[in-house]
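Below is one structure, written out as structure tokens, with a few remarks after it.
The values are calculated or read from the model by the stated rules, or taken from the named source; none is laboratory data. Quantities reported herein were computed from a predicted structural model and do not represent experimental measurements. Please note: Cβ atoms are built from the backbone with ideal geometry, for glycine as well, and neighbour counts cover all protein chains shown. Each accessible area value is taken on the protein alone, full model and side chains, heavy atoms only, with ligands, DNA and RNA left out. Shrake-Rupley method; radii C 1.70, N 1.55, O 1.52, S 1.80 Å.
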Amino acid sequence: MQGADPDTVADALDSGDALPGSGGFAGELDGTLLRDVLGRYPLFVERTVSDGEPLDPGQWSRDPTALADPRLFPAGHIRDDNGTRQRWSLPSPDPFSDRETAINRVREAVETSIDAVDTDSLAIAFSGGVDSALLAARLDAPLYVAGFPDSHDVEAARSAADLLRTEVRVVELTHEAIERAVPEIAHATGRTNAMAVQIALPLYLAAERVAADGFDRLALGQGADELFGGYAKVAKAPEDPRVEADTVRGAQREVIGSLPDQLERDVLALRAAGVEPVTPLLHDRVVEAALRLDGELLVDGETRKVALRAAARGSLPDEIANRDKKAAQYGSLAARELDRLARQAGYKRRMDDHVTQYVESLVE
């Protein structure tokens, strides 16, 4: 069993509690294969084995490359002698009764989860935004940012590090590094679509440097955007066609539902680079607090992640707590430069999904 201790998992299995106070789990317990509701740890089974057949130990793994034809085991599900079925789903609690209570609960959940992280052999992925800055302010570990020299993320990380009176180690991206890393990422994640590779690139290349520097764990602010309303498509619900929900709170739950797919990509890429991800903002206590926020504590006008920013002011200068950030693939310029490499290789924008075609050419 990876993640939570077996007793916690056994209690969650018996009770159906989707948020039993863990940071996730995946594996086998007393003959039952299971994976937590947010899919924080990837788990795979052989595609050729039907639900009605017994599953031998060699037919499931947390590493897809260990199987002949791996299929992702769904989050929140279990598999036993009765087949595969859903055991956990995200709860739908009522919102907090008032703003002050909500912010205090978010602050307590976030600070407790971060402060519990063991800093032995730990580094921090640092973009200078509120999520990673919370980790940097409360954990004694070196900071790393990946990006091209003129990128937003490198500039933001340096300025935030100055405000925190610390330093950040810059992993400068190059075209050569991208061309080398793309097939490695595709092999590790099983994905060649442009967006997946663009997102994974700065994480993977930063993690390689972290591992080369002797660290084997990398703390990230993953989950904060999904949990606390960091996406434009959540802020613009219901007008944004990218979400089906007709309220901000409904859109929040919708994007939380995308986490298992995203985490599979990121965890596999980071492990391939030589580090194990550490994600305190995805702890059950943080998820539980976030699910109780009303729409105005997620998005208020042009401000996103309202409750998290308010809670962060106990740890961060206002200048950092109030900062907006760009998605890593854009803030690092990895997406722009991968597009440039594709066009230089003859894959023009008029072609259908030209960057994906370029990625596939590198893999071949």
Exercise. Taking Cα pairs under 8 Å and at least six residues apart, what relative contact order does the chain come out at, in percent?
Worked result: 20 percent
Exercise. Which values, in whole Å and largest first, are the semi-axes of the equivalent ellipsoid of region 76-163 obtained as the square root of 5 times each eigenvalue of the Cα gyration tensor?
Worked result: 34, 22, 15
For this session: Name the residue farthest towards the positive end of the dipole of the chain from the options Pro54, Ala328, Pro70, assuming +1 on Cβ of Lys and Arg, -1 on Cβ of Asp and Glu, about the Cα centre.
Result: Ala328
Exercise. What's the tally of Lys pairs in the chain whose alpha-carbon atoms lie under 25 angstrom apart, where the two lysines are 8 or more places apart or on different chains?
Worked result: 8
Exercise. Roughly how many debye, to the nearest 20, is the charge dipole of region 1-65 about its Cα centre, given +1 on each Lys and Arg Cβ, -1 on each Asp and Glu Cβ, and no other charges?
Worked result: 340 debye
For this session: Using Cα centres only, tell me the gap between region 334-364 and region 17-50 in whole Å.
Result: 36 Å
Problem set entry | Net charge of Cβ neighbours under 14 Å - reference Val168; Lys, Arg +1; Asp, Glu -1 | -2
Problem set entry | Cα pair distances in the chain, grouped into 10 Å bins until the bin that holds the longest one, percent each | 5, 23, 33, 27, 11, 1
Problem set entry | Contact order normalised by residue count of region 242-316, Cα under 8 Å, 6+ apart, percent | 25 percent
For this session: About the Cα centre of region 127-167, how large is the charge dipole given +1 on each Lys and Arg Cβ and -1 on each Asp and Glu Cβ? Please answer in debye to the nearest 20.
Result: 140 debye
Exercise. Given the protein chains as shown and a 1.4 Å probe, how many square angstrom of Thr174 are accessible, to the nearest 10?
Worked result: 60 Å²
Problem set entry | Rounded to the nearest 10 Å², the accessible area of Val145 at probe 1.4 Å | 10 Å²
For this session: Please pull out the direction-averaged projected area of region 180-291, using the convex hull of its alpha-carbon atoms, in nm² to one decimal place.
Result: 7.2 nm²
Exercise. Which of rounded, prolate, oblate describes region 87-135, given a ≥ b ≥ c as roots of the alpha-carbon gyration tensor eigenvalues and a/c under 1.5 marking rounded, otherwise prolate only if a/b is larger than b/c?
Worked result: prolate
Seminar exercise, completed: Dividing the helical contributions, -39500 (n - 2.57) per DSSP H run of n ≥ 4, by the residues of the chain yields a 222 nm value, nearest 500 deg cm²/dmol, of -13000 deg cm²/dmol
Problem set entry | Under 5 Å, built H, 5+ apart or other chain: amide partners of Ala219 | Ala123, Ile124, Ala125, Val278
Exercise. Around Tyr231, what is the net charge, scoring Lys/Arg as +1 and Asp/Glu as -1 over all other residues with Cβ under 11 Å from its Cβ?
Worked result: +1
Seminar exercise, completed: From most to least accessible, 1.4 Å probe, no ligand or DNA/RNA atoms counted, Thr189, Thr48, Thr112 line up as Thr48, Thr112, Thr189
For this session: Taking the Cα atoms of region 1-111, report the difference between the largest and smallest coordinate on each principal axis, in whole Å and largest first.
Result: 52, 27, 22
Problem set entry | Dimensions in Å of region 180-240 - Rg and Dmax from alpha carbons | 15.1, 47
Seminar exercise, completed: Per the C-alpha gyration tensor (a ≥ b ≥ c, the square roots of its eigenvalues), region 201-357 is rounded if a/c is under 1.5, else prolate if a/b beats b/c, else oblate; here it's oblate
For this session: Would you kindly find the accessible area of Glu254, with a 1.4 Å probe and non-protein molecules such as ligands, DNA and RNA excluded, rounding to the nearest 10 Å²?
Result: 70 Å²
Exercise. Which net charge results when you count Lys and Arg as +1 and Asp and Glu as -1 among the other residues whose beta-carbon is under 15 Å from that of Gly346?
Worked result: -1
For this session: Quick one: plug the Kirkwood hydrodynamic radius of region 94-234 (C-alpha pairs) into Stokes-Einstein at 10 °C, 1.306 mPa s, and report D in µm²/s.
Result: 96 µm²/s
